[in-house]
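The values are calculated or read from the model by the stated rules, or taken from the named source; none is laboratory data. Just so it is clear, the model here is predicted, and its values are computed rather than measured. Cβ coordinates were reconstructed from backbone atoms using ideal geometry, including for glycine residues, and neighbour counts include every protein chain displayed. For the accessible areas, the whole protein counts, side chains as well, though only heavy atoms, and no ligand, DNA or RNA atoms are used. Shrake-Rupley method; radii C 1.70, N 1.55, O 1.52, S 1.80 Å.
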Amino acid sequence: MIFVRRLLLVAFAPFSAPFPVLGQTQTWGWDDGTVPYVQTPMEIVERMLRMAEVKKGDHVIDLGSGDGRIVIEAAKRGATGLGVDLDGSLVKLATENAAKAGVADKAQFRVMDLFDADLSSATVVTFYLLPDFNAKLLPRLLKLKPGTRIVSHDGGIGDWHSDEKLEMRAPEKPVGVGGVSTVELWIVPADASGTWTADIPGHGERWRWRVKQKYQMLDIETSAQGRDLLVRNSRLRGEELKIVVTGLVNGHAWHHYFVGTVKGDRIDGEVTVSDGNNRKVFPWTAARTGR
C-alpha cells in the first residue's frame, strides 16, 4: 500500500465502484473505513525478494509498507527490515502482523513520508509507486552504496534501465489487463568513469582504459602497447566490472576477459588471456588517473 496511490483513490471517491488505479494489486480493504487500499499479491512479494536475493545480513527498506508483508517476508529470510507509511493505522497493523509472524525483533514500521526516510542503511530498497515518484527518488537511490539492490513493482525509475525485468501473471490482481505484473531490479553501480591505467608485466605492460558511464551502462576504449584494442562487451553490476577485449598484444591475437571490483579509484581483479590453445591468468590492478 502506497500513500500516493491512496490519494488518487480519494480523488475518485465520487465513483461508486473502485477506480482502476495504475499499479495496485490484490484484495480491497479499508484502513479507516473510508479510504480503500490494495495489497501486493504474495506471489509478487516472493518474486521481488527472490530477485533481490534477500538473505541474512540484508537490511530491507520498504517505501509504502502497508500491512508490512514485504518487510515481514524479508525478516523470515533472516534479514532486518523497516517499513514506512503515512497511514498510522497501517503501521499499527504491520507491527501486529510482524509480532504474529514471530519477527517483531527484525521488522520495524514507522509513520513517515517516504521522501523523509533515510535509505543509507539499506542493502535492499523496495517500493510500489507511480513512475513520477520513482523518478523523484532517482538521485537519492544513485547515492546509495554500490551493490544496493532496488526492486520495484509496476514502475520504472526515470530513464534508468533496470538490470533485470520480469513479467508474470498474478491472477488475483484486480487492476490492469490480464493481471500482469512487472517486477524490475536495479543494482546501484559503482563509479567507473574516467581514465584507468594498469601494468600487466609480460602481457602488454601498460594498459589504458577510457570509460564513459551512464548508470550501469559503459562505453569503453582500451589500448595497450600504443595499439587500440576492440572492446567486445562489458558489464557493471554494483562493484563488479567485467570487460571482454580482443586484439594484438606482443604481436599475437588474444582474447581477454577482465574481472575486477571497483572501489574508489582502484580496480582489483584478474584477466584471463587465451588464444584457443593457450590460457594464462594475470593479476589486474588498475588505478584511476583522470576524469
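Brief remarks on what is shown
- Some residue of the range 226-241 being of a type in the set (S, T, Y), more than 22 Å from T148 (Cα to Cα) and surrounded by 12 or more Cβ atoms within 10 Å (Cβ to Cβ): no
- Condition met for V244 (under 27 Å from A52 (Cα atoms), more than 23 Å from the chain's Cα centre (by Cα) and in a strand (DSSP E or B)): yes
- Subset of the range 96-143 [open to solvent by less than 70 Å² (accessible area, probe 1.4 Å), over 25 Å from the mean Cα position of the chain (by Cα) and of a type outside the set (A, V, I, L, M)]: N97, G102
- Selection over the range 270-284 of residues that are open to solvent by 30 Å² or more (accessible area, probe 1.4 Å) and within 19 Å of W196 (Cα to Cα) gives a count of 3.
- Exactly one residue out of D62, D132 is among the acidic types (D, E) and not in a helix (DSSP H, G or I): that is D62.
- Any hit, the range 40-56, residues being within 21 Å of the chain's Cα centre (by Cα) and part of a strand (DSSP E or B): no
- Strands (runs of 3 or more DSSP E) wholly inside the range 150-218 containing at least 1 residues that are over 18 Å from M51 (Cα atoms) and open to solvent by 10 Å² or more (accessible area, probe 1.4 Å): 194-200, 205-214
- Residue in the range 250-263 that is open to solvent by 30 Å² or more (accessible area, probe 1.4 Å), in contact with a Gly (Cβ under 9 Å, 6 or more places away or on another chain), assigned to a loop (DSSP other than H, G, I, E, B) and within 15 Å of D191 (Cα to Cα) present: no
- Scanning the range 65-104 for residues that are in a loop (DSSP other than H, G, I, E, B), under 23 Å from R149 (Cβ atoms) and among the charged types (D, E, K, R) yields D67, R77.
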